[in-house]
1. Would you call A:A65 touching a residue at least 12 places away in the same chain (Cβ under 8 Å) and more than 29 Å from C:L122 (Cβ to Cβ)?
2. Can you name the residue in segment C:118-166 that is more than 28 Å from the chain's Cα centre (by Cα) and within 30 Å of C:I92 (Cβ to Cβ) and is also surrounded by the fewest Cβ atoms within 10 Å (Cβ to Cβ) among such residues?
3. Within segment A:75-91, is even one residue more than 7 Å from every other protein chain (Cβ to nearest Cβ), free of Cβ contacts under 8 Å to residues at least 40 places away in the same chain and basic (K, R)?
4. Report yes if some residue within segment B:348-363 is loosely packed, with under 15 Cβ neighbours inside 10 Å, aliphatic (A, V, I, L, M) and modelled with pLDDT of 90 or more; otherwise report no.
5. Only one of (1) under 17 Å from A:V152 (Cβ atoms); (2) touching an Asp or Glu at 6+ places or on another chain (Cβ under 9 Å) is not met by A:A80, so which one is it?
6. Could you check segment C:60-82 and list, in sequence order, the residues that are farther than 30 Å from B:D378 by Cα and away from chain A (no Cβ under 11 Å)?
7. Need the failing condition index for B:Y262 against (1) part of a helix (DSSP H, G or I); (2) away from chain C (no Cβ under 12 Å); (3) crowded, with 23+ Cβ neighbours inside 10 Å, just the number.
8. Is there any pair with a first residue in segment A:144-163 that is more than 13 Å from A:L81 (Cα to Cα) and a second that is among the charged types (D, E, K, R) whose Cβ atoms are under 7 Å apart and which are 6 or more apart or on different chains, and what are they?
Amino acid sequence: MKILSKCYMGVIFFLLYIPIIVLIVFSFNDAGSLSEFTKPSLVWYEELFRDEEALSSLVNSLIIAVSSSLIATVIGTFGALGLHRMKSRYIKGSVNALTNIPMMNPDIVTGVSMMLLFVAVGTFLKTRQLFGFGTMLIAHVTFNLPYVILSVMPRFKQLDKSLSEAAQDLGCTPSKAFFKAELPEIIPGIVSGLMLGFTMSLDDFVISHFVSSPNFQTLPLYVYNQTAHDVKFSMYALCAMIVFIITVILLVVNFAGSFGSRKSRAIRR
Amino acid sequence: MKLRSFLSLLTALVLLLSTVAGLTSCNTDSSESITLYVYNWGEYMSDGSEGTLDANKAFEDWYFENYGVKVKVNYSTYSSNESMYAKISSGSVNYDVIVPSDYMIERMIGEDLLAPLNYDNIDNIGNIAPEFYGEDAKYDYYDPGNVYSVPYMYGMIGIIYNTSVVPENEEDLGSWSLMWDEEYKGNILQFNNSRDAFGTAQYYLQVDVNSEDEADWRAALDKLKEQKKVVQGYVMDEIYNKMENGSAAIAAYYAGDYLTMYEENEDLEFYYPEEGTNLYVDAMCVPKSSQNKEIAERYINFMLTEEVAVANAEYTYYASPNTLVRENQEYIDYLGEIKEDAYEKIYDTDSVRTSSYQNLKDDKLVLLNGLWEELKSDIEISTGIYVICGVIIATLAGFGIFFAVRKRLREVK
Amino acid sequence: MKQRSLFQKIAAAPHILWAIMFIAAPMLFVLYFAFTDADGNFSFSNITSLSQYGNVFILSIAFALIATVVCLLIGYPLAYFMAKQKPRTQKILMVMIMLPMWCNLLIRTYALMALLDNGGLLNSLLEQLGVGRVPIVGTYFGVILGMVYDFLPYMVLPIFTAMTKLDKRYIEASYDLGCNGWQTITRIIMPLTASGVISGVTMVFVPSISTFYISQKLGAGKIDLVGDTIERLFQNVSTYNVGAAMSLVMMVLILISIFVMNRFSDDRTTAPVRGGLK
């Protein structure tokens, strides 16, 4: 039984990894072909670092991911605080339901709905250049929000009520009590929300696809355009590098820190 | 301790923020120069890869040298006229230079989306061959007098086939019927854009590609539905990979692209179908919404200079309307090295029966759109799928009932 | 409880405002576009015109259903075996399951297509072995395979997490009470990991039913699913309305299936959460 289970795991993992392994191996293929391997070389890696479009879209991706996750974290943390303290269960429930919509909906519907909003606003304002960085930022903040709330809310629920009261007894104003006594307690939740939002936003293709303009491209959009033509092998090189970096990060995080992995944590909830 | 970790986190955040700020300010620094937005077909301009000329970079340098103004070209690409049109007409983005095909130019002129060009800024227009520009022009049907457009490339659609799959004595060779041949089921690729796909069926049926008669379009749809059973898929530029590595054996595509594929796979052959085929001209235009019309016109002018035009023609293998290119011996030799008859294949338009797409009237556009949807959503679901789903749903329902009954029984106990 | 400060009262305001502006309003626009014609007049014509897409809907649901079940059948034993390993091995395996999720879905799918295409590595290998080509790209099988390959980690992870959270004493108790291995699995482990299964199923089903990239690449543009159709309809201004109607119908379909699924499980508290993309 033990051997059988090992074999089963081996086979599944093997199948799961074949495309990625092939991709990494062939990213070193001098010929730039997926059908025959001529000789190992790093030409595609050099090509990648010369490809300005790819590099600028990578920078764009990082800008969007950092700014959207930060904004979503700030709005979401205060949102979670306010919701936690809110007395009306009715409002609380409906805001929660509303916030969860982007998480329940398929990405394509979220993307389409945002696009329709921007189209309508654009027609109303009669501007011709609405789509771009701004629309993409709004969309990314929107789909990051539920994940931030999801990570922060449980921390508020675990919070000891007497903490804030004690701080206020000792002469803090309520807002000061929040910043001094409560905020440090919920920081792990904030950090995990931030990281989660960052990775979600870095990885998003579908929603960006609908709210972007060709003037402001993120990496997944660039890859999509590439795969519509003849994919340059520098893309495989890029993917190989991403896989390598992520492996290192995941291993470090999993074995060095007690943080656990962010993505799985979200799923666990 | 708590406070310290909080502080360290805060500094980390500030650092992150400042990097972002730095990055964005970097961007604003470079945007002090003027940005020229160019929207072109994918793989349609020499981009500096593999030692070719980087046309956009060359333009930036050239412009700075001649006019002392820093211009940054923002270059993006599309894969069909229709998707380009959607972006422009929805008004969501501004472009300065676009390169639509003939029928789309006609449509955009009709909808007042293009700006008339000021030829004072385009003095290289004289390089364009007389068939394409001037009083005797034969191919300015889409924009008489070239008020709005300067020809960039032109070409014809033909059929590419793999000689290792299709034998020499195949009867269908030379005709569109090859694309309907059931013998090659699963090996045929069709265009993934409505106009070209319907075009193939219309040429095969020998009906007018610009027909006013709805019945003609319906007949073409029936032909395409019939073809759907034998095609492997509807693709655009994925065709390169599929034809080069032998994933598919027969496809209709643009002549210039055939040469690109031939370079990778010498088994590929090419012909223009005897029933007639499409001749198209792609031309550079400036949208009305352009903010930098003058620079856009100089960009167009720059594309007409010999060095750049040759680089583009050598990069795309499309036929160039530029006389300096056609008469450039180095270019002619270059084509000859790829394939002996390459030059004739792409330039000899007279020996091929051709016609061109014209802009369709609104009702026909709606019709074409609807028919295309009908073709794409025409799916036959095999009974196997129904059976599998039936089994799954039955099993799930079985489980549900089983648990519900068990729960009931327990409650009764 | 002490007096709540103004700060705490308005803390949620930006969030609520944002949610109304960018979550509720877009949904209203979907509704608006779905029930108006191009001139902005109220009409049902968009909804009724969806009838021509009947088969597209059926096929999408069928594919998503099959992909989900296949993922469950493969993923459940995998998660079970993973959870039986030593903690250190578990961590490595967990990283290995997550790694493909971090590699961009587009590149992964494209690599899969390049591998399976008629002229790809797999088929050239088969040809050399004398088996001959097996067409996969452009067939139903190819598209379902792509879904399973792309979304399997989303099934495994939540189930695996539920398994590791399982109190080992239950299992010991069931053995003590005379259950054999199989009975322990069906009577103890399966019911106690149902919440993981539910969220796994949601996380595979929802992206499968709405995908367009997988069907575009592995279906070679020939097999159109709901996602493809919506994507195409939104490329053309004149078909936004039909596209909105189609999105609306898909949304309702998914809400219904999530509702039904939650009914299935006794544990009402397990909110189906998708952590992933597409």
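The values are calculated or read from the model by the stated rules, or taken from the named source; none is laboratory data. Note that the structure is a prediction, hence the values are computed from the model and not measured. Virtual Cβ from ideal backbone geometry, glycine too; neighbours counted across all protein chains shown.
1. Values: touching a residue at least 12 places away in the same chain (Cβ under 8 Å): yes; more than 29 Å from C:L122 (Cβ to Cβ): yes.
Answer is yes for this residue.
2. Our first condition is that a residue be more than 28 Å from the chain's Cα centre (by Cα); within segment C:118-166, this holds for C:119, C:121, C:123-133.
Now restrict to residues that are within 30 Å of C:I92 (Cβ to Cβ): C:121, C:125.
Numbers: C:L121: 19, C:L125: 10.
Among them, the one singled out is C:L125.
3. Taking segment A:75-91 first, the residues more than 7 Å from every other protein chain (Cβ to nearest Cβ) are A:77, A:80, A:84, A:87-91.
From what's left, free of Cβ contacts under 8 Å to residues at least 40 places away in the same chain: A:87-91.
Imposing the further condition that a residue be basic (K, R) reduces the set to A:87, A:89.
Yes - at least one qualifying residue is present in segment A:75-91.
4. no
5. Of (1) under 17 Å from A:V152 (Cβ atoms); (2) touching an Asp or Glu at 6+ places or on another chain (Cβ under 9 Å), only one is false for A:A80: (2).
6. Our first condition is that a residue be farther than 30 Å from B:D378 by Cα; within segment C:60-82, this holds for C:72-82.
If the condition is that a residue be farther than 30 Å from B:D378 by Cα and away from chain A (no Cβ under 11 Å), then C:L72, C:L73, C:Y76 are the ones that fit.
7. (3)
8. Correct list of pairs: A:L163/A:E182.
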